[in-house]
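Reviewing the structure listed below.
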């Protein structure tokens with residue numbers, strides 16, 4: 001029986017590594033023209049086995065290609081010749097971006113979000129992934145602690161740059177403690193290897209009170225900044241804790257506003273010095289630090305092109321600046337087409353009926369969004385309100401909009417009522433990039449729309465909202 005089970009597992013592994021199942025073929029693409037269809041499995045390009053979409057993109061650049069494909073329902077693979085323009089995409093997408101599975105994390109970090117995940121959600125949310133390919137494809141931060149020499153060779157050969165590197169601390173005793181792994185490699189040595197390969201990195205420090213802040217943070221920033229330009233950015237985010245955490249409760253806690261102000265004060269001179277020395281801010285605090293303390297946000301130019309936007313670094317600055325630009329456009333439109341001095345009943349700007357909308361968000365950005373929305377409401381034609389939700393799944397300590405569930409939004413909106421609303425706008429960060437546009441609790445936008453008696457749209461800026469409303 002043990003032999004049979006082992007053989008079955010080996011078969012599953014071999015099948016998993018044998019190329020990727022095609023989920024989509026673009027119309028009139030090179031792949032479509034030779035008869036490739038959804039459900040087929042791509043095994044190799046020009047005799048080279050493909051393990052993931054990264055390999056497909058790398059191998060598909062030539063004008064003439066030979067694809068080895070196992071057609072759906074067949075047992076013997078066939079070869080297909082493709083003629084196309086150089087670097088033209090062959091036009092296929094896959095069920096999963098990695099065909100041989102996901103590289104798992106070998107650490108036990110103090111703040112691991114997977115360990116704090118709510119029960120009974122989709123399987124993928126409980127996988128401790130730490131895959132450098134997802135880092136390259138989607139900007140996921142990885143610890144780089146599970147890389148083998150063949151991985152480094154591939155990073156070099158296929159020019160997988162930039163990568164997103166979770167460092168947390170450069171002093172090794174502190175880093176080992178944070179990551180719960182006595183064998184973690186030295187991050188500076190890894191960055192030197194990346195430097196030799198001409199691979200760049202955006203780095204991250206998840207800051208934990210009394211663990212890797214203070215003098216540890218000072219050292220980490222100094223060490224990482226010394227690796228510029230290999231290190232292109234250093235993002236500092238506060239630890240996130242949910243009500244489901246069961247480990248390290250005696251160690252881990254959230255930052256108080258006073259402690260957060262101290263972090264801002266500590267980092268500001270570093271930013272100023274680096275700006276003077278290398279012409280870049282390089283080290284960036286995530287938006288949470290400023291919102292927690294009510295501090296002024298840095299100017300847009302300080303974010304070095306918003307290189308860590310997906311890490312919550314600069315999203316609020318972009319929101320505020322977009323709001324200001326939108327108001328200027330609205331004022332310009334209003335000046336060119338002013339409303340009647342005494343508008344007809346129910347009429348708004350330029351004879352249009354008022355647009356009544358609601359914005360849904362979480363507690364971190366809620367007060368600011370309410371302030372910005374009030375300024376928008378000062379103009380005729382728009383009536384907007386903000387529904388601020390405390391996270392019922394993870395607890396009040398989780399304050400970011402991206403971790404709201406679709407179910408909570410639906411219930412809250414239904415309780416608040418939708419009578420008279422023209423549209424409802426929800427954070428687009430609620431929807432996963434890698435899963436097919438689903439919220440944490442598996443709801444699609446279409447399903448949310450079906451449950452609410454008002455059109456629902458994902459958005460991340462005021463200009464998107466206003467453009468939809470047609471008042472510009």
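Things to note:
- Of all residues in the range 432-446, those satisfying the criterion of being in contact with a strand residue (DSSP E or B) (Cβ under 9 Å, 6 or more places away or on another chain) and at pLDDT below 90 are 432, 436, 437, 438.
- Answer from 22, 36, 92 - the residue that is within 25 Å of residue 161 (Cβ to Cβ), buried (at least 16 other Cβ atoms within 10 Å of the Cβ), touching a strand residue (DSSP E or B) at 6+ places or on another chain (Cβ under 9 Å) and modelled with pLDDT of 95 or more: 92
So that you can scan it fast, the table gives a plain yes or no per residue for (1) surrounded by 17 or more Cβ atoms within 10 Å (Cβ to Cβ); (2) within 17 Å of the chain's Cα centre (by Cα):
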| site | (1), (2) |
| --- | --- |
| 101 | no, no |
| 113 | yes, yes |
| 145 | yes, no |
| 152 | yes, no |
| 163 | yes, yes |
| 169 | yes, no |
| 173 | no, no |
| 182 | no, no |
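- Here residue 63 fulfils each of the conditions (1) modelled with pLDDT under 95; (2) within 28 Å of residue 208 (Cα to Cα) apart from (2).
- Some residue of the range 420-430 being in contact (Cβ under 8 Å) with a residue 40 or more places away in the chain, closer than 26 Å to residue 371 by Cβ and out of contact with any helix residue (DSSP H, G or I) (no Cβ under 8 Å at 6 or more places or on another chain): yes
- Once the range 246-264 is narrowed to residues that are assigned to a loop (DSSP other than H, G, I, E, B), out of contact with any helix residue (DSSP H, G or I) (no Cβ under 9 Å at 6 or more places or on another chain) and free of Cβ contacts under 8 Å to residues at least 60 places away in the same chain, the residue that is nearest to residue 291 (Cα to Cα) is 253.
- For first residues located in the range 114-142 and touching a residue at least 24 places away in the same chain (Cβ under 8 Å), partners that are surrounded by fewer than 13 Cβ atoms within 10 Å (Cβ to Cβ) and assigned to a helix (DSSP H, G or I) and lie 6+ apart or on another chain with Cβ distances below 8 Å form the pairs 117/126; 125/114; 127/114; 128/114.
- Boolean, residue 212 is within 26 Å of residue 281 (Cβ to Cβ), in contact with a helix residue (DSSP H, G or I) (Cβ under 9 Å, 6 or more places away or on another chain) and in contact (Cβ under 8 Å) with a residue 40 or more places away in the chain: yes
- Residue within the range 247-257 that is at pLDDT 95 or above, assigned by TED's automatic domain parsing to the domain that holds residue 153, surrounded by fewer than 17 Cβ atoms within 10 Å (Cβ to Cβ) and more than 24 Å from the chain's Cα centre (by Cα) present: yes
- Taking the listed residues 424, 376, 440, the one that is under 18 Å from residue 312 (Cβ atoms) and buried (at least 17 other Cβ atoms within 10 Å of the Cβ) is 440, with no other qualifying.
- Some residue of the range 306-314 being under 15 Å from residue 213 (Cβ atoms) and either in the same structural domain as residue 235 (by TED's automatic domain parsing) or under 21 Å from the mean Cα position of the chain (by Cα) (or both): no
- Of all the listed residues (230, 281, 242, 293), the sole one being surrounded by 17 or more Cβ atoms within 10 Å (Cβ to Cβ), without any contact (Cβ under 8 Å) to a residue 24 or more places away in the chain and either under 25 Å from residue 199 (Cβ atoms) or in contact with a helix residue (DSSP H, G or I) (Cβ under 6 Å, 6 or more places away or on another chain) (or both) is 281.
- Within the range 337-373, considering residues that are part of a loop (DSSP other than H, G, I, E, B) and at pLDDT 75 or above, the one surrounded by the most Cβ atoms within 10 Å (Cβ to Cβ): 365
- Filter result for residue 37 (touching a helix residue (DSSP H, G or I) at 6+ places or on another chain (Cβ under 7 Å) and under 19 Å from residue 96 (Cβ atoms)): no
- For the range 290-304, a residue qualifies if it is touching a strand residue (DSSP E or B) at 6+ places or on another chain (Cβ under 9 Å) and more than 25 Å from residue 259 (Cβ to Cβ), and exactly one does: 304.
The values are calculated or read from the model by the stated rules, or taken from the named source; none is laboratory data. Because the structure is a prediction, the values reported are computed rather than measured. Cβ atoms come from the backbone with ideal geometry, glycine included; neighbour counts cover every protein chain shown.
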